[in-house]
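Below is one structure; the comments refer to it alone.
The values are calculated or read from the model by the stated rules, or taken from the named source; none is laboratory data. Owing to the predicted nature of the structure, the values given are computational and were not obtained by experimental measurement. Cβ: placed from backbone, ideal geometry, glycine included. Neighbour counts: every protein chain shown.
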Amino acid sequence: MHTITIIGGGASGSLLLINMLKYYEQNDVVIKWIEQSGEFGVGTAYSTDKDYQLLNVPANVMGLYHDYANDFFEWLLKKGYSYNEHDYVPRKIYGDYLKENLFNYLKNNQRIQLELIQAEVIDIDKADNLIDDKKYTLHLQNGKKISSDAVIFAIGNFLPSHPRVANMDYINSERYFRNSWDNETINGIRKTDDVLIIGTGLTMVDKVLDLYHQNHKGKIYSLSRNGYLPFTHYPCSRHQRYPDYTNELIASENAKDLFSIIRKHIDIGIKSGIDWRVVVDTIRPSLPAIWDSLSLKEKKQFYRHLGSLWTVVRHRIPVICADIIHLLRDKKQLYILGGRLREINAVEKGFSVTYTNRETLENKELVVQKIVNCTGPQLNLANIESTLLKNLLQKGFINIDELALGFDALPDGTLLDKNKKPMPEFYTIGNGLKGILFESTAIPEIRLQAYNLSKLIKKQHAEANQKILV
């Protein structure tokens, strides 16, 4: 039996499994799905129970299937929900949709043997082919081993790195929260606490919404190097279209030209009455090809000078969320700060925080009771606290991409070893491909990856069977 192992039980793993259950035709296959927490199906983002935590993408483009983005909206109608196709639906409802689709495929599956395993994978070796006909041996923390022909890393997000300051003692304080998604984070903040949120992106917005809905009374400071807030979706633009200008971008020679071309088309769009967001979203499907056309030097230039700006332009929030952010700012309860963090020192019942203001270059001090880290997931594999990844890096089975944003890999998800050679039937999907594909964290990108990867695995399985027959 051909054995395929998926490591990671979140949305990426679910999408891959759904595609394999849908398209895999061979009967001689076993899939082992491993998740350390034992919670399979949705991952952190869609396991929330809060109605106010919304998708950042409209319902009509959030379908699970690469060739039918409207599936989620049709599911909403069948379930009796009153949302329209352009609404931003609570994430918990999307989680229900994902779980129901997964369950239906599992229930109707008659070809694939599937085993769900709650365990932590701590190491992987190449199997001894004289003893075992499988390519890999996975070592679990409980001492058990799994033999597998193929391995897929669908491991999602890792905890953010701790902000670097001279005195790092703050990381040991119970007043500092590294994992903003942990329920204990919001439960550990009193209504009267002054809070510093490090980061001004999408995760910060979620935490501010948490505080707002808990009727928080204390001040909220949000600090990032540039002080950029995510832009807001514009509902009135939903029926607008703009001509694709991908070829013009691919023909550009550097990151500066990319910016100039996008800026030019935004100006053209605005003069024609088309919202700038539509102009930017037009090239979304082509972003991997555009990214691949740049040299490594230009990719680094883009991240250094335009990365933060692109993030807030591209990853936007619904109007209702933006309204709450602006309300709290108008009330002088929420302060968005741009600057470089310098010091975090413990004081009585909290922290003294020093940062250099981005505009004035003056040092400023804040005194807060709690700090929440919303700087985004750690991407550099060398800095991730994972026994498995550390072991694989040491062995040279995996490598860090040249931008240190994830795995070194081919665009199809095939992992490269330390010598930049493809590892046979060793893959990744989702976040780990950020440095290779540029955009690789949202459902519209991951569902296409899942479909293509399932086809690739199926093809390689068929070729292996053909060799055996010959």
May I ask you to say which residue of Asn101, Asn84 is touching a residue at least 12 places away in the same chain (Cβ under 8 Å) and assigned to a loop (DSSP other than H, G, I, E, B)?
-> Asn84
Being within 21 Å of Ile197 (Cα to Cα), in contact (Cβ under 8 Å) with a residue 40 or more places away in the chain and buried (at least 16 other Cβ atoms within 10 Å of the Cβ) narrows Ile324, Ile320 down to just Ile324
How many of the residues making up the stretch 393-403 are within 20 Å of Gly307 (Cα to Cα) and crowded, with 17+ Cβ neighbours inside 10 Å?
-> 3
Members of the stretch 379-392 found to be touching a residue at least 24 places away in the same chain (Cβ under 8 Å), surrounded by 17 or more Cβ atoms within 10 Å (Cβ to Cβ) and in a helix (DSSP H, G or I), listed by number | Leu381, Leu388, Asn391, Leu392
Evaluate the stretch 40-51: report whether one residue or more is of a type in the set (Asp, Glu), assigned by TED's automatic domain parsing to the domain that holds Val121, under 22 Å from the mean Cα position of the chain (by Cα) and assigned to a helix (DSSP H, G or I).
-> no
Give the residues of the stretch 76-94 that are within 22 Å of Thr44 (Cα to Cα) and of a type outside the set (Ser, Thr, Tyr), sorted by residue number.
-> Leu76, Asp87, Val89, Pro90, Arg91, Lys92, Ile93
For Gly188, work out the one condition from (1) touching a helix residue (DSSP H, G or I) at 6+ places or on another chain (Cβ under 8 Å); (2) within 23 Å of Ala346 (Cβ to Cβ) it doesn't fulfil.
-> (1)
Exactly one of Glu425, Glu402, Glu439 is part of a loop (DSSP other than H, G, I, E, B), in contact (Cβ under 8 Å) with a residue 60 or more places away in the chain and farther than 15 Å from Pro288 by Cα, and that one is Glu402
Of the residues in the stretch 442-460, those that are in a helix (DSSP H, G or I) and of a type in the set (Gly, Ala, Ser) number 2
Which one of Glu85, Glu115 is charged (D, E, K, R), in contact with a Pro (Cβ under 9 Å, 6 or more places away or on another chain) and farther than 18 Å from Thr441 by Cα?
-> Glu85
Subset of the stretch 39-87 [at pLDDT 95 or above, more than 20 Å from Arg284 (Cβ to Cβ) and among the hydrophobic types (A, V, I, L, M, F, W, C)] = Trp75, Leu76, Leu77
What pairs can you find where one residue is in the stretch 107-120 and in contact (Cβ under 8 Å) with a residue 24 or more places away in the chain, the other is β-branched (Val, Ile, Thr), and their Cβ atoms are less than 6 Å apart, with a gap of 6+ or different chains?
-> Ile112/Val29; Ile112/Ile31; Gln113/Val30; Leu114/Ile31; Ile117/Ile34; Ala119/Ile34
Residue within the stretch 22-38 that is within 16 Å of Asp96 (Cβ to Cβ) and assigned by TED's automatic domain parsing to the domain that holds Glu100 present | no
Select from the stretch 263-302 the residues that are over 15 Å from Leu249 (Cα atoms) and surrounded by fewer than 16 Cβ atoms within 10 Å (Cβ to Cβ) and list them in ascending order.
-> Asp267, Ile268, Ile270, Lys271, Ser272, Gly273, Leu296, Lys297, Lys300
Would it be correct to say that Ala69 is more than 30 Å from Glu425 (Cβ to Cβ), out of contact with any Cys (no Cβ under 7 Å at 6 or more places or on another chain) and among the small types (Gly, Ala, Ser)?
-> no
Report yes if some residue within the stretch 18-40 is hydroxyl-bearing (Ser, Thr, Tyr) and within 21 Å of His315 (Cα to Cα); otherwise report no.
-> no
Of all residues in the stretch 194-228, count the ones that are in a strand (DSSP E or B) and closer than 19 Å to Asp330 by Cβ.
-> 5
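To keep it simple, each residue is scored yes or no on (1) modelled with pLDDT of 95 or more; (2) exposed (fewer than 14 other Cβ atoms within 10 Å of the Cβ).
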residue	(1), (2)
Tyr97	yes, no
Asn101	yes, no
Asn109	no, no
Glu120	yes, no
Ala127	no, no
Asp132	no, yes
Gly156	no, no
What is the number of the single condition among (1) within 14 Å of Ser224 (Cβ to Cβ); (2) in the same structural domain as Asp123 (by TED's automatic domain parsing) that Glu385 does not meet?
-> (1)
Report yes if some residue within the stretch 230-237 is out of contact with any Phe, Trp or Tyr (no Cβ under 8 Å at 6 or more places or on another chain), farther than 25 Å from Tyr355 by Cβ, in a helix (DSSP H, G or I) and hydroxyl-bearing (Ser, Thr, Tyr); otherwise report no.
-> yes
Cβ-Cβ under 6 Å pairs, at least 6 apart or on other chains, the stretch 31-42 side on the phi > 0 side of the Ramachandran plot, far side part of a strand (DSSP E or B) = Gly38/Gln118
Given (1) closer than 30 Å to Ile186 by Cα; (2) modelled with pLDDT under 95, index of the condition Lys467 fails | (1)
Does Val319 qualify as being touching a Phe, Trp or Tyr at 6+ places or on another chain (Cβ under 9 Å) and under 30 Å from Leu433 (Cβ atoms)?
-> no
